[in-house]
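Asks: Handing you this structure, nothing more for now.
The values are calculated or read from the model by the stated rules, or taken from the named source; none is laboratory data. Only a predicted model underlies this, so the values are computations on that prediction, with no experimental measurement involved. Ideal geometry is used to build each Cβ from the backbone, glycine not excepted, and the neighbour counts take in all protein chains shown. The protein model used for the area step is the full one, side chains on, heavy atoms only, and it has no ligands, DNA or RNA in it. Shrake-Rupley method; radii C 1.70, N 1.55, O 1.52, S 1.80 Å.
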Amino acid sequence: LDAVARDAGVTLVTGAGFGVVATEALALNVRGEAPPARTARVAAMPVVDGLGPAVLSSVVDSLAGGGAMLRDGRIVPMRLGSGFERLRVPDGSSIGTVAVPTGEILAAQAATGAGEIVAASSEVPSAAPIRAILPLAGRLMARPAVRRAAHRAIDRWRLQPPARSGEFSWAHARLTWTDGTVREGWLRAGEGYAFTARVAALVASRLADGDGRPGAFTPAALLGPEIALSAGAEFLPTQTGVTT
């Protein structure tokens, strides 16, 4: 809707929550003034106080859509449950992440310029047996009747997924360039829902102050990576290396 918004003279901001803002702002920070990257992998690892049925309903819909990534600048399907990576978090723990078809893919594309992007999350169970059956679960949920039945069961029984506890929410970004340069960075934040609420309030406040411009944007694309810092996150020092 970017062209429509520009023609109408209005500002649209989408993705004003944890996953998009944390990974997008971090990717912008890791890239810095460098040219477009060749590949990028971003991962959102929120810690939340509790999860409700709406989250589980969103998971059902995500399963139905199957896996996806960006390749050669285009969204292409990938095996659901693939792209697994266990990340060593700066606090010494490790968190399993799998590729998910979320808006972080498009936000990371704009932030990094990379032609190949995987967006991952810790919110999808990543144990090996579960990853093995995710493609089957996806095919089942792709059937409208099965998906409707799953939604009815969630609503009826108020089912909810388990919340992951911890002190910090994290985001991770790894960018590679054609010359072999690799940059990797971390963002640390507090409880995920509180961060989301602060981001939404900050974006609305900045728009009310006249900081918008006509078009459609993600938050950091419009307001810069500092929006994540204003919401209470911090960037850890970026690590740079070279692949062989």
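Asks: Of the numbered conditions (1) out of contact with any Asp or Glu (no Cβ under 7 Å at 6 or more places or on another chain); (2) in a loop (DSSP other than H, G, I, E, B); (3) more than 19 Å from E104 (Cβ to Cβ), A153 satisfies every one except a single condition; which is it?
Replies: (2)
Asks: Out of A201, A221, which single residue is in a helix (DSSP H, G or I), out of contact with any Gly (no Cβ under 9 Å at 6 or more places or on another chain) and crowded, with 18+ Cβ neighbours inside 10 Å? Working first, answer last.
Replies: Values: A201 fails: crowded, with 18+ Cβ neighbours inside 10 Å.
Exactly one of A201, A221 is in a helix (DSSP H, G or I), out of contact with any Gly (no Cβ under 9 Å at 6 or more places or on another chain) and crowded, with 18+ Cβ neighbours inside 10 Å, namely A221.
Asks: Determine which single condition M78 fails, assuming it passes every other condition in (1) among the hydrophobic types (A, V, I, L, M, F, W, C); (2) farther than 28 Å from L236 by Cα; (3) surrounded by 21 or more Cβ atoms within 10 Å (Cβ to Cβ); (4) at pLDDT 90 or above.
Replies: Exception for M78: condition (3).
Asks: What about S62, is it crowded, with 17+ Cβ neighbours inside 10 Å and out of contact with any strand residue (DSSP E or B) (no Cβ under 7 Å at 6 or more places or on another chain)? Outline the logic, then answer.
Replies: Working: crowded, with 17+ Cβ neighbours inside 10 Å: yes; out of contact with any strand residue (DSSP E or B) (no Cβ under 7 Å at 6 or more places or on another chain): yes.
Yes.
Asks: Moving on to the next point. For the subset of the stretch 100-127 comprising residues that are part of a loop (DSSP other than H, G, I, E, B) and modelled with pLDDT of 95 or more, which member is least open to solvent (accessible area, probe 1.4 Å)? Explain how you work it out, then say what you get.
Replies: First, the residues of the stretch 100-127 that are part of a loop (DSSP other than H, G, I, E, B): 100-103, 113-115, 122-127.
Filter once more, keeping what is modelled with pLDDT of 95 or more: 113-115.
Values: G113: 39, A114: 3, G115: 28 Å².
The residue in question is A114.
Asks: Suppose we filter the stretch 197-232 for residues that are of a type in the set (A, V, I, L, M, F, W, C) and in contact with a Phe, Trp or Tyr (Cβ under 7 Å, 6 or more places away or on another chain); how many remain? Can you show your working first?
Replies: First, the residues of the stretch 197-232 that are of a type in the set (A, V, I, L, M, F, W, C): 197, 199-204, 207-208, 216-217, 220-223, 227-229, 231.
Keeping just the survivors that are in contact with a Phe, Trp or Tyr (Cβ under 7 Å, 6 or more places away or on another chain) gives 231.
The qualifying residues number 1.
Asks: Quick check on this structure: which one of G185, G241, G166, G212 is part of a loop (DSSP other than H, G, I, E, B) and either open to solvent by 60 Å² or more (accessible area, probe 1.4 Å) or under 23 Å from V89 (Cα atoms) (or both)?
Replies: One residue alone meets the criteria, G166.
Asks: Return the residues of the stretch 224-238 that are of a type in the set (G, A, S) and open to solvent by 30 Å² or more (accessible area, probe 1.4 Å); say none if nothing qualifies. I'd like the intermediate steps shown before the answer.
Replies: Start the filter on the stretch 224-238 by keeping residues that are of a type in the set (G, A, S), which leaves 224, 228, 230-233.
Hits for the stretch 224-238 are S230, G232.
Asks: Here's something else I'd like to know. Of everything in the stretch 10-43, what is open to solvent by 50 Å² or more (accessible area, probe 1.4 Å) and either assigned to a loop (DSSP other than H, G, I, E, B) or among the basic types (K, R) (or both)? Give them in sequence order.
Replies: V10, T14, E33, P35, P36, R38
Asks: So which residues in the stretch 31-70 are at pLDDT 95 or above, closer than 18 Å to V100 by Cα and out of contact with any Phe, Trp or Tyr (no Cβ under 9 Å at 6 or more places or on another chain)?
Replies: Hits for the stretch 31-70 are A40, R41, V42, M69, L70.
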